[in-house]
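Taking it in order: structure first as structure tokens, then the write-up.
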Amino acid sequence: MVSIDPTNFRDNTREQGFTTGSTEEHRGTQGKATLISSVFLCVLCGERLGHYPPMDATERDLFRLQRERMVRMQLAERGIRDVRVLEAMRNVPRHEFVPETFRQEAYEDHPLPIGEGQTISQPYIVAAMLEHLGLQATDRVLEVGTGSGYVTALLLLLCAEVYSVERHAQLAALAESTLHRSGYRNVKIRVGDGSQGWPEYAPFDAILVSAATPEMPPALFAQLREGGRMVVPVGPASSQELQLIRRIGGEPEVTFLEGCRFVPLVEGTVDSG
């Protein structure tokens, strides 16, 4: 069941950016702690997301063809080899996770705005991070940064349970609504401090972090099970290395994957009022 935990706590996570060439994503601004109720979340979902007009068969076919082209040209031809990741990205309707204004660009090779000053990430970097995690169907995964819920949906096709932390209350509400409408289950979404993870549900088999940190986040590493994996961009604000961190014998085993650029983690949740 898709559910949002409205527990109030602070967040370091959602000012994010990633650049490939000249493309850059910016996520979030510092804000104060937010307390949201289930009723408030439902109101937000109704006001901000709404329901897209029904698509006819031609439009559905067009989006399907665009997804196929995205998977072939943006992912497979760039070296993404994990069959399960490719299949998930072939099946999740990315256009459902962007504002209607940008639906026709949903499968293009760049990020798109999703509100609150945030973006949905470029398809390639999403696929690369998922592939590096090596997800199994039985895994329990922590996602730091729910955003639009698109990566959350992909994770739900790749593993058993997803626990997702988002610093923007409105984005958490919108993601919950989209996931529920699209039929995705087995996810919990919490508004708060992603840098602190979600210790109540630890340990996790894998953790995906969508914001840069100067060093490995110790609170998140502590929530990995033995043998668990975390993918996180690590380094200064100017540029980072995407790192795969494994917990082996209680210690981190770090593999440097590729250069990337995300904006730094920030503190505090963002007031929806």
Legend entry - Restricting segment 174-250 to GluC sites (Glu not before Pro) in coil, as DSSP defines it, with at most 14 other Cβ within 10 Å: Glu215
Inset, instruction - Specify whether the C-alpha gyration tensor of segment 59-163 places it in the rounded, prolate or oblate class, a ≥ b ≥ c being the square roots of the eigenvalues: rounded for a/c under 1.5, otherwise prolate if a/b is larger than b/c and oblate if not. - result: oblate
Legend entry - Per-peptide average of other Cβ atoms within 10 Å, ordering 188-197, 108-117, 126-135 highest first: 188-197, 126-135, 108-117
Inset, instruction - Compute the distance in nm between two label points, each set 7 Å from the Cα along the Cα-to-Cβ direction, one at Asn91 and one at Arg185. - result: 1.4 nm
Legend entry - Projected area averaged over orientations for segment 151-273, convex hull of C-alpha atoms, nm²: 8.0 nm²
Inset, instruction - Express in nm, to one decimal, how much length is gained between Arg72 and Gln104 on full extension, taking 0.36 nm for each residue of separation and deducting their alpha carbon distance. - result: 9.7 nm
Legend entry - Range of Cα positions in segment 94-133 per principal axis (Å), largest first: 32, 20, 15
Inset, instruction - Using Cα pairs closer than 8 Å and at least 6 residues apart in sequence, work out the relative contact order for segment 136-208, in percent. - result: 41 percent
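FYI, it's all coordinate maths here, none of it is from the lab. Predicted model only: the values in this text are computed from it and were never measured. Counting neighbours? That spans all protein chains shown, and the Cβs are built from the backbone with ideal geometry, glycine included.
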